[in-house]
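First the structure, in the form of structure tokens, and then the observations on it.
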Amino acid sequence: MKNWMYNIGLGGLFIAIILTLSYFGLDAYTRHGDKIIVPDVLGSKPFEAEAKLSELELRMKIIDTVYLDKMKPGVIVEQLPLANEDVKSGRMVYVTVNAMSRPRISMPKLTDCSFNLAKALLKNAGLILGKVTYEYAEYGNNLVVGQQVGGRAIEAGQKVLKGTTVDLIVVDAELTPTSDSTSTTTEIPNPEEE
């Protein structure tokens, strides 16, 4: 019986030592209490941000490039973790950088669809609705029959810069045709530009 109690006591002591070492060892291993506040690097160039982060023993990685016309080219537009968050030293800060130039995109097919659908397609593609010209026709009220860039017709699929202004020619069956012609043209500036 005495030998049995001795073994249980030794086992209990061993478990207590392991738990104590684990408790204090985990603090050291996970650097418990060691925290760094992430600086705000939005709007700065990547090399400036990397220098700022490395001073605080943080690392940086560019994970994406986007184009935002309201931001300067080549600056950081997003970071994760966010500014003022607590992190441990050696943490990776992931950033997204604004592209240096506008990307080229394919012109969507705007003809043979409604004017409202054409406006939505332009917006989704990152293009700007320019001048809208209404022409008389007996069929297809509010049907887009032409798309132009810089006064020249442009086909679907052609490459244009994101943010390009696109003019549309739209059928309006309610216009009155002139006596010498079967079509009337009325130009209306884009109300969203004003």
Exercise for the section: Answer with one residue from PHE47, ASN3, GLY163: the one whose Cα lies farthest towards the positive end of the charge dipole of the chain, charges on Cβ with Lys, Arg +1 and Asp, Glu -1. Expected result: ASN3
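Taking R0 as 41 Å, what's the FRET efficiency between THR96 and ALA156 from their Cβ-Cβ distance, rounded to 0.05?
Numbers: r = 30 Å, r/R0 = 0.74.
Efficiency at R0 = 41 Å is approximately 0.85.
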Practice task
Name the shape class, rounded, prolate or oblate, that the alpha-carbon gyration tensor gives for region 100-157, where a ≥ b ≥ c are the square roots of its eigenvalues, rounded holds for a/c under 1.5, and otherwise prolate holds if a/b is larger than b/c and oblate otherwise.
Solution key: prolate
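Can you tell me the length gained on complete extension of the stretch ARG59 to LEU82, counting 0.36 nm per residue apart and subtracting the Cα distance? Each step should come with its number before you reach the end.
Details: separation 23, 0.36 × 23 = 8.28 nm, distance 1.39 nm.
Once the chain is fully extended between ARG59 and LEU82, it gains 6.9 nm.
Using +1 on the beta carbon of Lys and Arg, -1 on that of Asp and Glu, and nothing else charged, what's the dipole of the chain about the Cα centre, debye to 20?
Numbers: 20 positive and 24 negative charges, 269 e Å.
Here the chain has a charge dipole of around 1300 debye.
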Practice task
Mind grabbing the accessible area of LYS119 for me, 1.4 Å probe, Å², rounded to tens?
Solution key: 70 Å²
Handout entry: Label-point gap, in nm, between MET5 and VAL66 - each point 7 angstrom along Cα→Cβ
Key = 7.1 nm
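From the cross-link list LYS61/LYS162; LYS52/LYS88; LYS109/LYS131; LYS45/LYS70, which pairs have alpha carbons spaced over 21 Å apart? Walk me through the intermediate numbers first.
Values: LYS61/LYS162 26 Å; LYS52/LYS88 16 Å; LYS109/LYS131 17 Å; LYS45/LYS70 16 Å.
Going by Cα-Cα distance, LYS61/LYS162 fall outside the 21 Å limit.
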Problem - Simple label model, 7 Å out from Cα along Cβ direction - PHE47 to TYR139, nm - result: 6.1 nm
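Tell me the volume per residue, in Å³, of the convex hull enclosing the alpha carbons of the chain. Mind showing how you got there, number by number?
Details: hull volume 40.8 nm³, N = 194.
Convex hull of Cα atoms, per residue: 210 Å³.
What helices does the chain hold that run 20 Å or longer along their axis, going by alpha-carbon atoms, with a Kyte-Doolittle average of 0.0 or more, using DSSP H for the helix calls?
Values: long enough: 2-29 (39 Å, 0.92).
Result, helices passing both filters: 2-29.
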Completion exercise
The answer for GLY146, listing residues at least 5 apart or on another chain whose modeled amide H is closer than 5 Å to its amide H, is ILE169
Fill in the blank from the handout: Expressed per residue, the solvent accessible area of the chain in Å² (1.4 Å probe) is about 68 Å²
Fill in the blank from the handout: For the chain, the accessible surface attributable to carbon and sulfur atoms (probe 1.4 angstrom, ligands and nucleic acids excluded) amounts in percent to 57 percent
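The values are calculated or read from the model by the stated rules, or taken from the named source; none is laboratory data. Please read all numbers here as calculations on a predicted model, not as lab measurements. For neighbour counting, all protein chains shown are included, and Cβ atoms are generated from backbone atoms with ideal geometry for every residue, glycine included. Remember, those area values only see protein heavy atoms, side chains included, never the ligands or the DNA or RNA. Shrake-Rupley method; radii C 1.70, N 1.55, O 1.52, S 1.80 Å.
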